[in-house]
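Visitor: Dropping the structure in here first, questions after.
The values are calculated or read from the model by the stated rules, or taken from the named source; none is laboratory data. Please read these numbers as outputs of a predicted model, since none were measured by experiment. Positions of Cβ are generated from backbone atoms using ideal geometry, with glycine treated the same way; all protein chains shown enter the neighbour counts. Keep in mind that these areas ignore ligands, DNA and RNA; they rest on the heavy atoms of the full protein, side chains included. Shrake-Rupley method; radii C 1.70, N 1.55, O 1.52, S 1.80 Å.
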Amino acid sequence: MNELRFHSTRSASPVVSVGEALEAGLAPDGGLFIPETVPQVDFGALPDSSFQYCSKAYLSQWLQGTEFEKHVDALVDNALNFDVPLVEVEAGTFVLELFHGPTLSFKDFGARMMARMLGMRIASRGSSAIILVATSGDTGSAVADGFSGVPGIDVVLLYPKGGVSPIQEHQLIVKRPGVRALQVEGTFDDCQKLVKGAFDDSALEDLPLSTANSINVGRLIPQMLYYVWAVKVLQRNDVRVCVPSGNLGNLTASLWAHLSGMPVSGFIAAHNDNDFFPEYLCDPDAAFKTSVQTFSNAMDVGAPSNFERLAAMLDFGKMTSLIQGVSISNEETLESMQSVLNRTGYLADPHTAVGLEALSRFKPEMPKEQPALVVSTAHPAKFPETCEKTGMVAPVPEQLKRLAGMEEEVTTIAADAGAFRQVLLDLHQA
Ligand SMILES: *Cc1c(COP(=O)(O)O)cnc(C)c1O
């Protein structure tokens, strides 16, 4: 098999290695990196003895011939050292719990592995990096936790003031070595714009900027692993995969897994009121929107950055045959949390509830024996205020108890490129 290489969504050249794509984040022409050819994996030959074994076998095939080839086992052992339970909440409906990592969301998979891959590359080249990350809630803490203390790497994270839950905010701004937290007076899309803008800012061209948003391939590669594992365990080739979506990184990762050989019957993109993508799937002329706040705040994205990847890899006909989109309102999200709990005893967080509700729209037309997989993207204890509205209390996991009372550190800035530039220049000079 040829070594994995990436090119930009906007042009077929230049072609870069996985290490180069990881370090650059964004392609030089402003596009996103996509595989030149998607590696083909013999799905039947993957072991199903444990998530970690399965992941090592799958990842080895993707990273064959790259600078990370010899490190696959260590990467999986160190970065993905937590459980990934598959829970059958109702007959044929499986929830894959991706929230057992240190910051209690699926973002831990991508952030932890990306940190280790980038750390290896930087150490071997004697270079350094400043990681910029805009967060709508969970990315920032996963990245801060995953990258903190990696030599040669500084992290600057931006989040929308008032746009994250109090627990998410505490997780974001707990003081960590090498991490700077910025509260931005604006929306998530403003934060994302500041990050994108920094890459085009000539005053910052000497800074070793990179990003750990889901535009980075280092995030997407590990996110394929849990889909592969779940489909492997279910031992079916007709699983319907439902992904609570915002920036569409998680959906893109599952698409990559599918294109590499993971058999599924199709995908459901479950969105909240931020419904650009479901609209697009009905009307290719639909335009990006301004984001609105919802209970599933990590999905409050009006202009999903990974849309560009999906559109570059699938033509409209292929996309609509493979992916169905649904938008679930705030009220329906609460109702879903409540009815799932009443029916099954399962406490879903607001993001997972969007997924379960989206699935329920398709269940009636699905064959009875066809399994559905909903990825559960966050632990309900991260959203006690929303859980409370439905009369539920989520048990507080160890990971949160440990954070309580820890010192916080945060700077507030305007949603303004000049203010952000100054923070970066000061950091670089320090
Ligand atoms: C980030 C996030 C999502 C959305 O994932 P995307 O890859 O941005 O589509 C969904 N749920 C939770 C809890 C998240 O943190």
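Visitor: Of everything in the stretch 107-142, what is modelled with pLDDT of 95 or more, within 18 Å of Gly246 (Cα to Cα) and not small (Gly, Ala, Ser)? Give them in sequence order.
Guide: Lys107, Asp108, Phe109
Visitor: Now, a different point. Give the residue, chosen from Gly162, Gly186, that is over 21 Å from Ser305 (Cβ atoms), away from the ligand (no atom under 16 Å from the Cβ) and among the small types (Gly, Ala, Ser).
Guide: Gly162
Visitor: Moving to a separate point now. Could you list all residues from the stretch 403-415 that are modelled with pLDDT of 90 or more and open to solvent by 30 Å² or more (accessible area, probe 1.4 Å)?
Guide: Taking the stretch 403-415 first, the residues modelled with pLDDT of 90 or more are 406-415.
Correct list: Met406, Glu407, Glu408, Glu409, Val410, Thr411, Thr412, Ala414, Ala415.
Visitor: Right, something else. Is it fair to say Met113 is within 16 Å of the ligand (Cβ to nearest atom), open to solvent by less than 10 Å² (accessible area, probe 1.4 Å) and not polar (S, T, N, Q)?
Guide: Judged against the criteria, Met113 is a match.
Visitor: Give me the residue from the stretch 364-397 that is under 21 Å from the mean Cα position of the chain (by Cα) and among the polar types (S, T, N, Q) and, out of that set, surrounded by the fewest Cβ atoms within 10 Å (Cβ to Cβ).
Guide: Once the filter is applied, the top-ranked residue is Ser376.
Visitor: Quick test for you: out of Arg219, Arg240, pick the one residue that is among the charged types (D, E, K, R), closer than 22 Å to Leu322 by Cβ, crowded, with 20+ Cβ neighbours inside 10 Å and more than 10 Å from the ligand (Cβ to nearest atom). Show your work before the answer.
Guide: Working: Arg219 fails: more than 10 Å from the ligand (Cβ to nearest atom).
So the residue among Arg219, Arg240 that is among the charged types (D, E, K, R), closer than 22 Å to Leu322 by Cβ, crowded, with 20+ Cβ neighbours inside 10 Å and more than 10 Å from the ligand (Cβ to nearest atom) is Arg240.
Visitor: If you scan the stretch 57-76, which residues turn out to be within 13 Å of Leu225 (Cβ to Cβ) and out of contact with any Leu (no Cβ under 8 Å at 6 or more places or on another chain)?
Guide: Once the filter is applied, which keeps residues that are within 13 Å of Leu225 (Cβ to Cβ) and out of contact with any Leu (no Cβ under 8 Å at 6 or more places or on another chain), the stretch 57-76 yields Ser60, Gln61.
Visitor: Would you mind finding the one in Thr386, Thr352, Thr344 that is within 30 Å of Lys196 (Cα to Cα) and among the polar types (S, T, N, Q)?
Guide: Step by step, each of Thr386, Thr352, Thr344 is checked, and only Thr352 is within 30 Å of Lys196 (Cα to Cα) and among the polar types (S, T, N, Q).
Visitor: Moving to a separate point now. How many residues are within 27 Å of Thr187 (Cβ to Cβ) and either open to solvent by less than 70 Å² (accessible area, probe 1.4 Å) or assigned to a loop (DSSP other than H, G, I, E, B) (or both) if we restrict to the stretch 416-430?
Guide: Within the stretch 416-430, residues that are within 27 Å of Thr187 (Cβ to Cβ) and either open to solvent by less than 70 Å² (accessible area, probe 1.4 Å) or assigned to a loop (DSSP other than H, G, I, E, B) (or both) number 9.
Visitor: Residues in the stretch 21-53 that are among the aromatic types (Phe, Trp, Tyr) and open to solvent by 60 Å² or more (accessible area, probe 1.4 Å): how many?
Guide: 1
Visitor: Let me ask something else about it. So which residues in the stretch 87-107 are over 18 Å from Val228 (Cα atoms) and among the hydroxyl-bearing types (Ser, Thr, Tyr), if there are any at all?
Guide: Within the stretch 87-107, Thr103, Ser105 meet the criteria.
Visitor: Among the residues of the stretch 54-81, how many are surrounded by 17 or more Cβ atoms within 10 Å (Cβ to Cβ) and within 30 Å of Val340 (Cα to Cα)?
Guide: Qualifying residue count, the stretch 54-81: 1.
Visitor: Here's another thing I want to ask about it. Can you tell me which residue among Val231, Val195 is closer than 30 Å to Tyr53 by Cα and either open to solvent by 20 Å² or more (accessible area, probe 1.4 Å) or touching a strand residue (DSSP E or B) at 6+ places or on another chain (Cβ under 9 Å) (or both)? Working first, answer last.
Guide: Details: Val195 fails: closer than 30 Å to Tyr53 by Cα.
On inspection, the qualifying residue turns out to be Val231.
Visitor: Can you find a residue that is in contact with a Pro (Cβ under 9 Å, 6 or more places away or on another chain), of a type in the set (S, T, N, Q) and open to solvent by 20 Å² or more (accessible area, probe 1.4 Å) anywhere in the stretch 136-145?
Guide: No, that holds for no residue.
Visitor: Taking into account only those residues within the stretch 259-301 that are open to solvent by 40 Å² or more (accessible area, probe 1.4 Å) and within 17 Å of Gly317 (Cα to Cα), which is farthest from the ligand (Cβ to nearest atom)?
Guide: Taking the candidates together, the pick is Asp285.
Visitor: Could you check, for the stretch 315-325, whether at least one of its residues is open to solvent by 40 Å² or more (accessible area, probe 1.4 Å), polar (S, T, N, Q) and within 16 Å of the ligand (Cβ to nearest atom)?
Guide: Taking every residue of the stretch 315-325 in turn, at least one turns out to be open to solvent by 40 Å² or more (accessible area, probe 1.4 Å), polar (S, T, N, Q) and within 16 Å of the ligand (Cβ to nearest atom).
Visitor: Residues in the stretch 168-181: is at least one without any contact (Cβ under 8 Å) to a residue 12 or more places away in the chain and of a type outside the set (S, T, N, Q)?
Guide: Yes, the stretch 168-181 contains a residue that is without any contact (Cβ under 8 Å) to a residue 12 or more places away in the chain and of a type outside the set (S, T, N, Q).
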